[in-house]
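The structure under discussion appears below in the form of structure tokens.
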Amino acid sequence: MAKDETKKRVFSGIQPSGIVHIGNYLGAIRNWVGMLQECDCIFCVVDLHAMTVQYDPERMQENVRETLTVNMAAGLDPEKCTLFVQSHVPEHTELTWILNTCASHADLARMTQFKDKSRRNRENINCGLFTYPILMAADILLYRAELVPVGEDQTQHLEFAREVCRTFNSRYGETFPEPKPRFGKVTRLMGLDGKAKMSKSMNNYLPLLAEPDEIVSLLRPAVTDPARVKRSDPGTPEICNIHTMHLGFSPPEDMAWCEQGCRTAGIGCVECKKRLADNMNEELKPMRERYNQYKKNPGYVNSVMEDGAKRCRELAEETMRTVRKKTGLR
Ligand code: ATP
Ligand code: MG
């Protein structure tokens, strides 16, 4: 796809670190789909980022393809955006090194994702996990992206990328536009156990392509407002994760029904979850169907990856020519 100069450039990415879940969809992918018409969108499966925690190299290729296929099934039409794999464009790592010299160590040390993930991966606290936000800044700046649609957990990394961008521009002259975050209706979905955000790397998620009976069985034990011990106890929808899911998947009349019913104990959590499962299923059904179609056509998925890498290599090379010149490298 050629760049349309009148459209804003959008970049975002997803790690091939496990099963794509409804948190990824509500926080990121659905907003990506919503920007396809108005923007020049580039979306990436960020395999280099996924190497920052323990992973199985034997399964990497399969995970990359699967992540891409699920995203296509979720509505990222390859005819309307550019889809590619991060490591297929080596300039990401080249720009990362240069941005390393513009990034503050003290700023990196404040990143909560590093703190969380290093707590969970004590046996492998590697430098890549620490400098993850610099690679993310390179991903965005390489394509001179202006908008970055992400979930709330990436706000801190994006602020960091903006700082790196400002440092580069002030040191070497105006080169990159300052990227801005773009959030959707749901910015952070908690895991089904209600303890931490829903994450691919934690066993607390509801897969985006779950079958109807799996949706029901995963929602059944999902944590709700802890104050609702008995059905007759009134609850507070705002603190309930199921309410957040309704916000993502249910029409306004169902939202009102769920809020009112919860506050007055007119409905129980079981009914509330049942309505959610129906609405969720409605939205996810066409995705499961598209996924099955794409799975039957691996050649098409390959060609999407190859076309995406080709376009991105051209864009990246153009940026790097400028960057090398400005930094005095060539
Ligand atoms: P991992 O556990 O490996 O970090 P993840 O589930 O956090 O995986 P990422 O690939 O890191 O997923 O993030 C992809 C996108 O999904 C990002 O824009 C991120 O902000 C968004 N996202 C991830 N989890 C959630 C969530 N629970 N709620 C809303 N958005 C989310
Ligand atoms: Mg994550």
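The values are calculated or read from the model by the stated rules, or taken from the named source; none is laboratory data. Keep in mind it's a predicted model, so treat the numbers as computed, not measured. Backbone-built Cβ (ideal geometry, glycine too); neighbour counts: all protein chains shown. Areas reflect the complete protein model, heavy atoms only, side chains present, ligands, DNA and RNA absent. Shrake-Rupley method; radii C 1.70, N 1.55, O 1.52, S 1.80 Å.
Numbers for the structure displayed
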item	result
Inter-residue pairs, beta-carbon under 6 Å, first closer than 14 Å to HIS88 by Cα and in the range 42-70, second open to solvent by 20 Å² or more (accessible area, probe 1.4 Å), 6+ apart	CYS44/GLY13; VAL46/GLY13; VAL46/GLN15; ASP47/SER87; LEU48/SER87; HIS49/GLN15
Flag if PHE183 is open to solvent by 20 Å² or more (accessible area, probe 1.4 Å) and within 14 Å of ligand 1 (Cβ to nearest atom)	yes
Failed criterion for ILE19 (all others in (1) in a loop (DSSP other than H, G, I, E, B); (2) among the aliphatic types (A, V, I, L, M); (3) within 16 Å of ligand 2 (Cβ to nearest atom); (4) open to solvent by less than 30 Å² (accessible area, probe 1.4 Å) hold)	(4)
From the options THR82, THR155, THR131, residue that is in contact with a strand residue (DSSP E or B) (Cβ under 9 Å, 6 or more places away or on another chain), within 16 Å of ligand 2 (Cβ to nearest atom) and of a type in the set (S, T, N, Q)	THR155
Matching residues, the range 274-313, being hydrophobic (A, V, I, L, M, F, W, C) and over 22 Å from the mean Cα position of the chain (by Cα)	LEU276, ALA277
Qualifying positions in the range 26-42 - open to solvent by less than 10 Å² (accessible area, probe 1.4 Å) and within 10 Å of the chain's Cα centre (by Cα)	LEU26, GLY27, ILE29, TRP32
Which listed residue is of a type in the set (Gly, Ala, Ser) and either within 25 Å of GLU317 (Cβ to Cβ) or within 16 Å of ligand 2 (Cβ to nearest atom) (or both), from ALA137, ALA109	ALA137
Failed condition for HIS157, given (1) within 16 Å of ligand 1 (Cβ to nearest atom); (2) open to solvent by 50 Å² or more (accessible area, probe 1.4 Å); (3) closer than 21 Å to LEU108 by Cα	(2)
Identity of the residue in the range 90-115, polar (S, T, N, Q) and open to solvent by 40 Å² or more (accessible area, probe 1.4 Å), that ends up farthest from ASN169 (Cα to Cα)	THR112
Members of the range 136-150 found to be open to solvent by 10 Å² or more (accessible area, probe 1.4 Å) and either farther than 9 Å from PRO181 by Cα or outside the structural domain of TRP32 (by TED's automatic domain parsing) (or both), listed by number	MET136, ARG144
Residue match in the range 219-232 (condition: more than 15 Å from ligand 1 (Cβ to nearest atom) and within 21 Å of VAL70 (Cβ to Cβ))	yes
Pairs, first more than 16 Å from GLY184 (Cβ to Cβ) in the range 6-22, second among the polar types (S, T, N, Q) and within 11 Å of ligand 2 (Cβ to nearest atom), C-beta under 8 Å, six or more apart	SER17/SER201; GLY18/SER201
Condition met for VAL10 (within 12 Å of ligand 2 (Cβ to nearest atom) and among the β-branched types (Val, Ile, Thr))	no
The range 50-64 - residue that is touching a helix residue (DSSP H, G or I) at 6+ places or on another chain (Cβ under 6 Å) and surrounded by 17 or more Cβ atoms within 10 Å (Cβ to Cβ) and, of those, nearest to ILE14 (Cα to Cα)	VAL64
